[in-house]
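The values are calculated or read from the model by the stated rules, or taken from the named source; none is laboratory data. Keep in mind it's a predicted model, so treat the numbers as computed, not measured. We place every Cβ from the backbone using ideal geometry, glycine too, and count neighbours over all the protein chains shown. Just so you know, the surface numbers come from the protein's heavy atoms only, side chains and all, with ligands and any DNA or RNA stripped out. Shrake-Rupley method; radii C 1.70, N 1.55, O 1.52, S 1.80 Å.
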Amino acid sequence: MPKLKDTYPLYLNNKAAQPNTDLEVTDKFTGEIAFRTALATPDIIEEAIAGTVRATEPMARMASFERQKVLEHCVSRFRERYDELAYSLCVEAGKPIKDAEGEVDRLIDTFKIAAEEATRNYGEVQPLDISARANGYMGMWKRVPIGPCSFISPFNFPLNLAAHKIAPAIAIGCPFVMKPASKTPLGAIIMGEVLAETDLPEGAFSILPASRDGADMFTEDERLKLLSFTGSPGVGWDLKAKSGKKKVVLELGGNAAVIVDKDADLDHALERIVFGAFYQSGQSCIGVQRVIIHEDVYDKFKSMLVEKTKSLKSGDPKDRETFIGPMISDKEASRLKGWIDDAVDQGATLLCGGGLSNGNMLEATLLEGVPRKADANWEEAFGPLANLSKFSDFHEALERVNDSKFGLQAGIFTRDLHQVLDAWDTLEVGGVVVNDVSSYRVDNMPYGGVKDSGLGREGIRFAMEDMSEIRNLVIRRI
């Protein structure tokens with residue numbers, strides 16, 4: 001396997017800088033320090049924001065093909081550094097190596113899509129002569145970069161969630177500062193290293209691991225015109241309240257539900273639900289947390305789920321046979337273990353799992369009969385936990401999905417087109433996935449949620465729209 005360096009820099013105004021080695025990043029399986037990175041101080045963050053202001057005009061004036069060339073360079077270099085990127089994820093995030101490789105594939109896809117979209121920033125010609133007073137008038141509009149952007153990304157997808165902010169910013173022509181998660185900064189730092197090889201204007205980007213206190217500058221500075229945050233609802237809504245006049249895009253997670261109807265292909269549903277619930281130890285904002293099963297197939301499908309879940313291999317994420325790796329920290333594993341135990345104390349049945357070892361190795365867990373307002377059902381588990389319940393009427397199941405303060409994505413396993421359309425009309429979520437799990441995502445689709453799951457949409461073209469504003473031109477023919 002590739003060898004990681006002992007220390008890594010931050011990137012300030014396109015250049016590597018090593019002011020300190022204050023941030024210790026651990027191997028999430030062994031708990032040992034894997035490497036150290038530089039930690040941005042307030043004066044460094046200030047310098048980076050000032051750099052984005054200086055870079056605003058040069059970035060906006062870059063030709064489409066020039067921005068495309070930068071993104072194509074990234075695609076090429078990420079392919080060359082594929083093994084290194086995957087191994088870094090395995091170490092800093094504890095992500096099983098096969099899943100880490102899948103995230104590198106998505107990183108490449110995301111930058112490839114952005115390279116294609118960089119030359120498709122279209123506008124529109126609009127007739128204005130809708131009445132006599134506007135006779136002889138016509139209009140045109142185009143999209144222009146919004147200006148300096150601020151990005152804050154989470155620990156669970158250190159490559160791809162950072163890419164969904166960085167790649168569209170380059171494609172549309174916005175300079176940016178990025179704060180990666182302190183537990184998993186390396187993916188973004190490697191992206192900075194690759195971007196530093198390009199001809200982007202000075203100040204076009206800064207990659208700045210920083211303390212949580214440092215996030216205030218990423219949020220409140222009025223020179224920044226957009227804040228894109230992915231993380232917990234509590235932090236996200238607080239940042240929005242502090243963000244002032246800037247545009248804000250939030251992706252805040254959920255407790256996603258999947259419906260299994262009586263006509264579903266149960267073997268297919270089994271494979272996908274086990275994956276959706278326990279992939280990356282359940283640390284996905286669209287991971288399957290609630291499984292709502294028709295009463296006619298409930299007992300059979302419950303037995304299938306328990307047997308399959310018990311067969312999942314836990315252990316070292318560097319082992320290619322491992323499916324369940326460590327959670328991101330002992331604290332998070334202990335939190336979810338407490339939720340599971342509390343649900344059982346309130347009357348839920350533990351079907352399998354629930355054990356905690358090595359501080360952050362929580363077993364894949366299935367519960368049934370979890371009380372509605374128990375944390376294990378009502379809050380975002382963000383770990384290897386799924387709850388089973390049964391339904392008799394499909395519309396009852398839809399109401400159960402909507403009985404949540406979150407609304408990111410939902411899955412439905414059915415062959416009935418009418419029920420699919422009913423779900424699409426009824427479910428209060430950002431996306432409905434048919435015959436697959438809530439955790440399915442393709443990187444060019446509109447992605448985001450409603451209610452406490454956030455606002456705005458990711459997906460390259462949709463992110464580019466958020467990172468731009470419309471400039472209108474009105475012409476009177478005389």
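So here's what we get for this one:
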item	result
Of K98/K313; K5/K28; K240/K405; K310/K405; K5/K331, those spanning more than 21 Å from alpha-carbon to alpha-carbon	K310/K405; K5/K331
Length released on extending from K331 to K300, taking residue separation times 0.36 nm less the Cα-Cα span	7.6 nm
Segment 32-164 - percent of accessible surface contributed by carbon and sulfur, probe 1.4 Å	50
Longest to shortest principal axis, alpha-carbon extents of the chain, angstrom	74, 66, 38
Point-charge dipole on Cβ atoms (K/R +1, D/E -1) for the chain, about Cα centre, debye to 20	1400
10 Å binning of all Cα-Cα separations within segment 79-233, expressed as whole percents from 0 upward	10, 34, 29, 13, 7, 4, 1
At most 13 other Cβ within 10 Å, DSSP loop - chymotrypsin sites (Phe, Trp or Tyr not before Pro), segment 37-138	Y122
Among beta bridges that DSSP assigns inside the chain, antiparallel share in %, nearest 5	45
Equivalent ellipsoid dimensions for segment 322-381 as semi-axes, Å, which come from the Cα gyration tensor, largest first	20, 12, 9
With all protein chains modelled, accessible area of Y11 [1.4 Å, Å²]	10
By average C-beta atoms within 10 angstrom, highest first, the peptides 407-416, 354-363	407-416, 354-363
For q = 0.14 Å⁻¹, Debye-computed log10 I/I(0) when each Cα of segment 293-361 counts as one equal scatterer	-0.57
Under Karplus coefficients 6.51, -1.76 and 1.60, residue-wise ³J(HN,Hα) of segment 380-395 in Hz, glycine/proline x	7, 5, 6, x, x, 9, 9, 10, 9, 8, 10, 9, 10, 10, 4, 5
Ellipsoid semi-axes in whole angstrom, largest first, where each is sqrt(5λ) of the Cα gyration tensor of segment 378-450	18, 17, 12
Residues whose placed amide H lies under 5 Å from that of T26, excluding near-sequence neighbours	A34
